[in-house]
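The values are calculated or read from the model by the stated rules, or taken from the named source; none is laboratory data. Predicted, not measured: the structure shown is a model, and the values here were computed from it. Here the Cβ positions follow ideal geometry from the backbone for every residue, glycine too, while neighbour counts run over all protein chains shown.
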Amino acid sequence: MENTHIYTTNVTWKEGRLGVLSSDGFSSFDVATPPDFEKGVPNTWTPEHLFVSSVAICLMTTFLAIAENSKLEFESFECSATGKVENVDGIFMMSEIELKPSVKISDPSKEGRTLRIIEKSEKLCLISNSMKSNITLNPKIVIG
């Protein structure tokens, strides 16, 4: 695998505080200022939503790769993520992101191993490693 990868996106202003995010080969979608801010647009993806979701997606894809390489059998993976924006020293920033991954396994003897793989996945996630935000991991293992 190469050490350098390039990802290109494009955003085009439509009107007001609304734009369209696109990238070659992908479906485009509307993006906007969040409704928490002046003239924000409700029910539209925001940079804040995409920032937080990128950490959750990265955790999932990293977990999937490590679980496969570790031959961990699991039934499901899902992760909710919550980002906290606050004013820090006069600048708004995403100060914290809480990840709540939930992995369902059928073998209770694999609970500790599953937890270690989740924790390793968070440590190796290139997105969270690229952020200043504090990442909090609160995993849940479901035996089913």
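Annotations for the structure displayed:
- Flag for K71 being assigned to a loop (DSSP other than H, G, I, E, B) and either out of contact with any Lys or Arg (no Cβ under 9 Å at 6 or more places or on another chain) or of a type in the set (D, E, K, R) (or both): yes
- Selection status of E75, in contact with a Gly (Cβ under 8 Å, 6 or more places away or on another chain) and assigned by TED's automatic domain parsing to the domain that holds T136: yes
For (1) among the β-branched types (V, I, T); (2) within 14 Å of the chain's Cα centre (by Cα); (3) not in a strand (DSSP E or B), each residue gets a yes or a no:
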| position | (1), (2), (3) |
| --- | --- |
| T82 | yes, yes, no |
| V103 | yes, no, no |
| E119 | no, no, yes |
| E122 | no, yes, yes |
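- Selection within region 1-44: residues that are closer than 20 Å to M94 by Cβ and hydroxyl-bearing (S, T, Y). The member of this set that is farthest from the chain's Cα centre (by Cα) is T33.
- Subset of region 72-105 (residues that are small (G, A, S) and surrounded by 11 or more Cβ atoms within 10 Å (Cβ to Cβ)): S80, A81, G83, S95, S102
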